[in-house]
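The values are calculated or read from the model by the stated rules, or taken from the named source; none is laboratory data. As the structure is a computational prediction, the values presented were derived from the model and not from experiment. Virtual Cβ from ideal backbone geometry, glycine too; neighbours counted across all protein chains shown. Areas reflect the complete protein model, heavy atoms only, side chains present, ligands, DNA and RNA absent. Shrake-Rupley method; radii C 1.70, N 1.55, O 1.52, S 1.80 Å.
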Amino acid sequence: QVQLVDSGGGLVQAGGSLRLSCTASGRTFSSYAVGWFRQAPGKEREFVARINRSGSNTYYADSVKGRFTISRDNAKNTVYLQMNSLKPEDTAVYYCAADLHYSGSYYDQTTVYEAWGQGTQVTVSS
């Protein structure tokens with residue numbers, strides 16, 4: 001019942017910044033956690049960041065910690081991923097996803113999330 005639309009990707013030089021957005025519909029937005037994943041060509045989809053229902057707790061992959069910030073505005077039904085100091089290895093398709101059952105454990109696994117955005121391309125040039 002939850003539908004997610006992610007956007008904000010584009011082409012940026014190394015060291016630059018982008019902000020991705022994920023807008024949801026179909027269920028009370030504050031009732032579920034949201035994660036960001038990314039997938040580069042030839043690689044498995046990997047965890048990037050997660051934010052809980054209220055926005056009080058966040059988690060990050062070691063590869064992006066200190067550079068990326070996840071946040072949410074429940075009044076706007078939107079989760080954001082602010083990406084700073086981008087590197088060429090950040091190049092991937094980025095997906096937002098909803099953890100509708102709020103399992104909590106294994107938050108970095110794709111199987112935890114039941115609804116996914118369509119993906120937005122982020123390309124970082126060297």
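Within the stretch 91-110, take every residue that is small (Gly, Ala, Ser) and open to solvent by less than 60 Å² (accessible area, probe 1.4 Å) and give me the one that is farthest from Trp36 (Cα to Cα). Among those that are small (Gly, Ala, Ser) and open to solvent by less than 60 Å² (accessible area, probe 1.4 Å), it is Gly104.
Residues of the stretch 105-126 that are small (Gly, Ala, Ser), touching a residue at least 60 places away in the same chain (Cβ under 8 Å) and assigned to a loop (DSSP other than H, G, I, E, B): Gly117, Gly119, Ser126. Restricting attention to the stretch 5-37, the residues that are out of contact with any Ser or Thr (no Cβ under 7 Å at 6 or more places or on another chain) and over 10 Å from Asn77 (Cβ atoms) total 12. Restricting the search to strands (runs of 3 or more DSSP E) fully inside the stretch 1-64 and requiring at least 1 residues that are touching a residue at least 12 places away in the same chain (Cβ under 8 Å), under 20 Å from Tyr107 (Cα atoms) and within 12 Å of the chain's Cα centre (by Cα) gives 3-7, 18-25, 33-39, 46-51, 58-60.
Test Arg72 against the stated conditions and say whether it is touching a residue at least 24 places away in the same chain (Cβ under 8 Å) and open to solvent by 80 Å² or more (accessible area, probe 1.4 Å). Against the criterion (touching a residue at least 24 places away in the same chain (Cβ under 8 Å) and open to solvent by 80 Å² or more (accessible area, probe 1.4 Å)), Arg72 does not qualify. Against the conditions (1) surrounded by fewer than 14 Cβ atoms within 10 Å (Cβ to Cβ); (2) within 15 Å of the chain's Cα centre (by Cα); (3) touching a residue at least 24 places away in the same chain (Cβ under 8 Å), Pro88 satisfies every one except (2). Taken over the stretch 65-84, the criterion of being assigned to a loop (DSSP other than H, G, I, E, B) and not polar (S, T, N, Q) is satisfied by Lys65, Gly66, Arg67.
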